[in-house]
Amino acid sequence: MANDLQLNLGALRSTMQLTLHTHHASRIWHGRSASEGRATIIGLNGFMSVMNKMKRGAEQDDPYSDAWMLRIEDKLNDTKESLRVLREQVDQVLSEVPSALSLGENLNVQPVRLPLFVNAQLGFMAVYLLAEYDDLARRLILAHHTALIDRSTLEHCLNEGAHALRSLFSLAQQYKHSGAHREDIAANNVAAQIARERFGELPQDVLEGSRRSRFAPPMIRRMTINEQQSKNNTATDEPDIESADTPEADDTNAGYSPSEEEEPR
C-alpha cells in the first residue's frame, strides 16, 4: 500500500539575503553607470543573471557556454586571490595595535540587507567575494580611523579591491549564447559555422566535453564528436545499394540545405 502512495514534491527553496555594511560594497552591487570615458559595468545582481544564462547554455550542450564557464571560474579565482592579498595587508596593519587597546568590529548601525536569487554556483562564488570585499572595506576604514594607515593607502586598497570585482563583472558582460550544440559542431552545419565565425574555434577537449568547469551542470548530450565522426565514417564505407536509375529512389530532398530563415538546431 505504501508503494502506491505518490508524493508530489516540489523544488527545494531557501531564503537568502546578503548584508552589506559599506557604501563601497553597495556600489559594487549596483554596478557602474556609463559616464564620459567609462563604460557601463553590471553589478552583482546582473552578474548572477548572466551566470544563470551561462549555466542553462552549458546544460543545453553548448560548448561555447562551457568555455565561458571555465573562463569565468579562472577569473573568480584570480579575483579571490587579489582580495586575499589585500586582506593580508590590512590584517598585518591591524596586528600593530597595542595589546592594551581592544578594537571591536567596525559595523554599520543600519546595514543594507539584499535578497538573493541565485541558481548558479559561479554566481554564489561572486556573492562570497563581495561579502569579502565588504569586510575588507570595514577593516580598512577602521585602520584609517585609528591612524594605522593614511588616506591615500585607504583609497588605494579600496580601489584595488573594487577594480578586481568590476573586472570580473565586465568580463561576464561579454558572454553571449552561441546557439550551437556539440552535435552541430560535429556535423559542421549552418549553426556551427555561424558560431565559429562569431566566437572562433574552441580547444578539442572543450568540444568533446572532457574539460569543463567543476561547477558545470550535467549536459543534455545529443551526440558526441566521436560518435558523429564514427557515424559519418560508417555511412561512407557502406555500399550504395540503390542506383540513380532505380525508380523507387526518392530524390525529393536532394541538394537540400537549411535556409537562412530556418532556426538553427
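The numbers here are math on the coordinates, done by the rules we state, and not lab data. As the structure is a computational prediction, the values presented were derived from the model and not from experiment. Note: ideal-geometry Cβ built from the backbone for every residue, glycine included; neighbour counts use all protein chains shown.
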Count of the stretch 145-163 residues which are under 17 Å from Arg38 (Cβ atoms) and surrounded by 16 or more Cβ atoms within 10 Å (Cβ to Cβ): 1
Among the residues of the stretch 89-104, are any within 30 Å of Pro217 (Cα to Cα), surrounded by 15 or more Cβ atoms within 10 Å (Cβ to Cβ) and in contact (Cβ under 8 Å) with a residue 12 or more places away in the chain? no
Residues Leu202, Leu140: which one is surrounded by 15 or more Cβ atoms within 10 Å (Cβ to Cβ), closer than 30 Å to Ser26 by Cβ and in contact (Cβ under 8 Å) with a residue 24 or more places away in the chain? Leu140
Would you pick out the residues in the stretch 114-161 that are part of a loop (DSSP other than H, G, I, E, B) and of a type outside the set (A, V, I, L, M, F, W, C)? Asn119, Thr146, Asp150
Confirm whether Tyr175 is part of a loop (DSSP other than H, G, I, E, B) and either farther than 23 Å from Ile220 by Cβ or out of contact with any His (no Cβ under 9 Å at 6 or more places or on another chain) (or both). yes
Between residues in the stretch 17-39 that are assigned to a loop (DSSP other than H, G, I, E, B) and residues that are hydroxyl-bearing (Ser, Thr, Tyr), which pairs lie under 7 Å by C-beta distance while being six or more apart or on different chains? Ser33/Thr40; Ala34/Thr40
All-but-one check, Arg212 against (1) crowded, with 18+ Cβ neighbours inside 10 Å; (2) touching a Phe, Trp or Tyr at 6+ places or on another chain (Cβ under 7 Å); (3) not in a helix (DSSP H, G or I); (4) not β-branched (Val, Ile, Thr), failing number (2)
Listed by first then second residue, the pairs whose first member lies in the stretch 155-181 and is touching a residue at least 60 places away in the same chain (Cβ under 8 Å) and under 30 Å from Ala192 (Cα atoms), whose partner is of a type in the set (Lys, Arg) and surrounded by fewer than 18 Cβ atoms within 10 Å (Cβ to Cβ), with beta carbons under 6 Å and at least 6 positions apart or on separate chains, are His181/Arg222
Number of positions in the stretch 90-113 that are in contact with a helix residue (DSSP H, G or I) (Cβ under 7 Å, 6 or more places away or on another chain) and in a helix (DSSP H, G or I): 3
